[in-house]
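Notes follow once the structure below has been shown.
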Amino acid sequence: MKKVVKWTGIGVLSLLVVLMILPFLFKDKIVLMIKEQANSSLNAKLDFADVDLSLIRNFPNLSVRIDRLSIINNAPFAGDTLLATDRLSITLDIMSVINGSEMTIRSVTLDKAIMNFLVKEDGRYNWDIAKPTPPGAPSEPS
């Protein structure tokens, strides 16, 4: 009986250590990928100071925390800040992340957020920051 309890304890402890270390192993790659992908697909500049990933904070979900996030528009709203926040926290369903399917967002929290929504006289608005899909490019599945 002691051996079963001992090995179960070692297994649980090992799992916890892996859950705590795993996000740190891929953090730099994830930060770079987020910035590159966002800035290549947005008509705005997305920047942030730090990203924190955790499988423990909202177990069994994945928790993503982004510090000092800002989104600053390009032309025709060049220099206007669309969003600035001290912290953006997102909780994602871990199975949707692992499966690679559409990610299920469980919660989104903004701390000390400033949002600046503008509309020009010609009807253009500054929150339309997604770059148009080039002709002939495959469209996203709906």
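Against the numbered list (1) aliphatic (A, V, I, L, M); (2) closer than 30 Å to V17 by Cα; (3) surrounded by 18 or more Cβ atoms within 10 Å (Cβ to Cβ), I56 comes up short only at (3). A count restricted to region 67-96 and to residues that are of a type in the set (D, E), open to solvent by less than 60 Å² (accessible area, probe 1.4 Å) and modelled with pLDDT of 90 or more stands at 1.
Test I30 against the stated conditions and say whether it is surrounded by 12 or more Cβ atoms within 10 Å (Cβ to Cβ) and in a strand (DSSP E or B).
Numbers: surrounded by 12 or more Cβ atoms within 10 Å (Cβ to Cβ): yes; in a strand (DSSP E or B): no.
No, not satisfied.
Residue under question is D47, and the condition is that it be touching a strand residue (DSSP E or B) at 6+ places or on another chain (Cβ under 9 Å), modelled with pLDDT of 80 or more and open to solvent by 50 Å² or more (accessible area, probe 1.4 Å); does it hold? Yes; evaluated as a whole, the condition is true for this residue. Restricted to strands (runs of 3 or more DSSP E) entirely inside region 39-142, those with at least 2 residues that are closer than 27 Å to D28 by Cα, among the charged types (D, E, K, R) and without any contact (Cβ under 8 Å) to a residue 40 or more places away in the chain are 44-47, 50-54, 62-73, 81-92.
The values are calculated or read from the model by the stated rules, or taken from the named source; none is laboratory data. These figures come from a predicted structure and were not determined experimentally. Reconstructed Cβ throughout: ideal geometry from the backbone, glycine too, with neighbour counts over all protein chains shown. Keep in mind that these areas ignore ligands, DNA and RNA; they rest on the heavy atoms of the full protein, side chains included. Shrake-Rupley method; radii C 1.70, N 1.55, O 1.52, S 1.80 Å.
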